[in-house]
Every structure is written in structure tokens, then in C-alpha cells.
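To start, the structure itself, in C-alpha cells.
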Amino acid sequence: MSASIRAGSTVDVFADVDGKCLRGAKCFDGRVLFIGHGAALLTRKELFGPQAVRDGVAVRMLQRPWGSHPPLPKELRPYLFPQNLPSIVCVRVLDPQPGDSVLDMCAAPGGKTTHIAAMLGGKGLLVAVDRSQTRLSRARDNLVAWGLDKDVRLVAADASDENIREKVGGPFDKVLVDAPCSALGQRPALRVTAKLADVQSFPALQRAILSNAVGLVRLGGVLVYSTCTITTAENEDQVAWLLEHFDCLELEQQSPHMSNCHGLPVPGLHSEQQRRLQRFGFIAGEGVADDTIGFFLAKLRKKALGEKDSVHRDDAE
């Protein structure tokens, strides 16, 4: 940032793609991405001097390459809830109906929980679980803003704990596992900071939660599994693992099915099962793209005792 910059000066705004630019640097030759034009609200001295302002707005954006999308005005927040399309579809696939008992096993920050509560309309049972009390408080704030806090029981607990049933009860008509994941599908994102070891740690955690979820769904009930990541290890492979280890489960056709893409081929899933999955976002090599975050959805039903699968491998191939 030039020393000649004054409050009101027009500036070009760039993102440091690799996170290597040092605070106060006067020149930088690393990788950058142009974000747009803005107006400086502070001088360089006010930003980096001994009495530097530590928080607040330093540049007001005037023009962005992708256009302007202002935040939702506070006056509209009791009436509108901004969500990504796949998150909306996720709850619609779960299809909570008044009178249902529903468990949201990884609920915070509460967008899907609030949607479920609104669809239940105060009739039924909704238990929302998250291991973080701080994140769970954000879910409570969303529910309070919508006047739904009296309709939801919030439980601070670890969904991967094998004793989770002691805290949540059950069984439930419908269970949502919007699992902790590597979040590689999130947008906008200029770079990925996750380490490979971190990404590889999620499947084991997801399987622990899913194992508990299967036991918490009643016979004939529905389990919806979702992530905001793009790896097959956290998506299709998990579905194949569920079907291999739990004979009581079968994949259900999803409604609505709004994505342009089905599941990717992995060992353990035949073509008809892949068609019952939804993937959102760009998929390399497939030539298919949804203008959304990367997201994965699977809907499974817990069969009654003695019930046969509705789709057989020999019939599907």
C-alpha cells in the first residue's frame, strides 16, 4: 500500500492467494487475485502505524468483477433466511412433516435446523445436537429470530459418542447427518488451507456418527447424509460402507433432485444407486456444473424386518 494513499483515495483490491504477504509490506511479488476497486477509508499510517486501527473497515468496495450482492437488511431477517441451494434441497429431501420426530445430529450453526423447525410448524419433535456449545448458541439465535426456539430441544453432545442415545432419546422418524467434513466444496474460497492429514481424518469421524445415526432411525424411517465437500472418500465411499455394513439400509430416490449430476462411480455402488445420489458444484472431467457450493446428498431408508431391497444389482446393470 503506497504511502500516498489518503482517506477517499481510489484503490485496487487484491487477494493474497498464498497468504504470504507481510503486514505493512510496500511491495509484494507473490500470487494475487484481483477483487475489485474500492475507496480507502484510512491512511497507510492509520492502518500500519504505532496507533494503527486494529479492526473495522479499511476499504469500502465500489466495484467488483462479479457485480454487487449487498447483505440482507436487518429489517428482512425475520422474514428471509439466506441459504445455499443445496442446503435448502437437503432439508426438502429429508421432508420433515408435522408430527414427525426428527434428529439433527450436527446442527450448528442452525440453518437446516431452523428450516426443519419451520416445516414441522410446532407439531412434532426436533432434537438438534452439536458438540460445540458456542456453535449451538448460534443455532439458538437463529431459532429465536424466527420464533422457533420453543419448538427445538438443543443438546450439547458429541454425535460420534456411542452413548449418544442416552442424551437424545429416540428412535426418530427422520435423522439428518450433515457431517463434519473437509469443506472443500465451500465457496467463495481463493485457496485451500487444509492439510492432507486433516482431510484424511474425517471419514473415520463420519462413520462413527453414521453408525450411531443408523441405530437412532426407527424401522421404516429415513436417514439423510450430506457434506459440503467433494471427495469420494467422504461421500460415495461412505454410502457404499453403510450399505455393506448395515443390511437394514437401502438407498432412496431423492425428491427434489435438482442437481445436474448423480453420484460418482466407486466400488460398492452400482449405476442405479449412483443415480439416487446428488452432487452439486463443478465435477472435474464430467463436463457438468451447478453454480453452487460443492455438496453431496444421500437418502437412505431403514427397512422393516424381512423387507427386501427395491433395487437389485442384477436388475440395475
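The values are calculated or read from the model by the stated rules, or taken from the named source; none is laboratory data. Computed from a predicted model, the values in this text were never measured in an experiment. With ideal geometry, Cβ positions are generated from the backbone for all residues, glycine too; neighbour counts draw on all protein chains shown. Surface areas here come from the heavy atoms of the whole protein model, side chains and all, with no ligands, DNA or RNA. Shrake-Rupley method; radii C 1.70, N 1.55, O 1.52, S 1.80 Å.
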Next on the checklist: Test of understanding: in a Gaussian network model of the chain with alpha carbons linked when under 10 Å, which of A117, A108, A204 would top the mean-square fluctuation ranking?
Outcome noted: A204
Checklist entry - Once the dipole of the chain is set up with Lys and Arg at +1 and Asp and Glu at -1 on Cβ about the Cα centre, which of L184, M258, V217 lies farthest towards its positive end? => result L184
Checklist outcome for this item: D55 neighbourhood, Cβ < 15 Å, K/R = +1, D/E = -1, net charge +1
Checklist entry - Separation between the V144 and R218 pseudo-spin-labels, each 7 Å from Cα along Cα→Cβ, expressed in nm? => result 3.3
Next on the checklist: List the residues, sorted by chain then number, that are 5 or more residues from I35 or on another chain and whose placed amide H is less than 5 Å from its amide H.
Outcome noted: V13, F14, A15
Item to check | Hydrodynamic radius of the chain per Kirkwood, over alpha carbon pairs, in Å | outcome: 22.0
Checklist entry - How large is ³J(HN,Hα), in whole Hz, for each residue of the range 227-233 in order, when computed from phi with the Karplus curve 6.51 cos²θ - 1.76 cosθ + 1.60 and θ = phi - 60°, using x for Gly and Pro? => result 9, 10, 10, 10, 6, 5, 4
Item to check | Protein accessible area in the chain, 1.4 Å probe - carbon and sulfur % | outcome: 53
Checklist outcome for this item: So, for the Cα atoms of the range 115-259, Rg and Dmax in Å stand at 16.1, 44
Item to check | Among beta bridges that DSSP assigns inside the chain, antiparallel share in %, nearest 5 | outcome: 60
Next on the checklist: Given the options L277, M61, T231, identify the residue whose Cα lies farthest towards the positive end of the charge dipole of the chain (+1 on Cβ of Lys, Arg; -1 on Cβ of Asp, Glu).
Outcome noted: M61
Checklist entry - So how much accessible area does F28 have, in Å² to the nearest 10, using a 1.4 Å probe? => result 80
Checklist entry - Which distance in nm do the two modelled labels at C248 and V57 give, with both placed 7 Å along the Cα-to-Cβ direction? => result 5.4
Item to check | Potential extension, S201-A304 segment - 0.36 nm per residue separation minus Cα distance | outcome: 33.8 nm
Item to check | Gained length - Q97 relative to A15, 0.36 nm times residue gap less alpha-carbon distance | outcome: 25.0 nm
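Using 0.36 nm per residue of separation minus the Cα-Cα distance, give me the extension gain between C27 and V192 in nm, one decimal. If you can, show how the numbers build up before the last one.
On the way: separation 165, 0.36 × 165 = 59.40 nm, distance 2.42 nm.
Gain in length upon complete extension: 57.0 nm.
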Item to check | Residues whose placed amide H lies under 5 Å from that of C261, excluding near-sequence neighbours | outcome: R279
Item to check | Cα centroid of the range 1-57 to Cα centroid of the range 172-216, whole Å | outcome: 36
Next on the checklist: If you average the alpha carbon positions of the range 121-140 and of the range 227-264, how far apart do those two centres end up, in angstrom?
Outcome noted: 25
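Would you work out the charge dipole size for the range 76-176 about its Cα centre, treating the Cβ of every Lys and Arg as +1 and the Cβ of every Asp and Glu as -1, and quote it to the nearest 20 debye? Working shown, then result.
Working: 13 positive and 12 negative charges, 62 e Å.
Result for the range 76-176 is approximately 300 debye, rounded to the nearest 20.
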Checklist entry - In the range 169-292, what % of DSSP beta bridges are antiparallel (nearest 5)? => result 25
Checklist entry - Summing -39500 (n - 2.57) over the DSSP H runs of n ≥ 4 in the chain and dividing by its residue number, what mean residue ellipticity at 222 nm do you reach, to the nearest 500 deg cm²/dmol? => result -7500 deg cm²/dmol
Checklist outcome for this item: Rounded to the nearest 0.05, FRET efficiency between F34 and Q83 (Cβ-Cβ, R0 30 Å) equals 0.55
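Classify the range 5-67 as rounded, prolate or oblate from the Cα gyration tensor: take a ≥ b ≥ c as the square roots of its eigenvalues, call it rounded if a/c is under 1.5, otherwise prolate when a/b beats b/c and oblate if not. Spell out each step's value before the answer.
Values: a/c = 2.03, a/b = 1.13, b/c = 1.80.
Because a/c hits 1.5 or more and a/b fails to exceed b/c, the range 5-67 counts as oblate.
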Checklist entry - Based on Cβ point charges of +1 for Lys and Arg and -1 for Asp and Glu, what charge dipole magnitude is obtained for the chain about its Cα centre, in debye rounded to the nearest 20? => result 1480
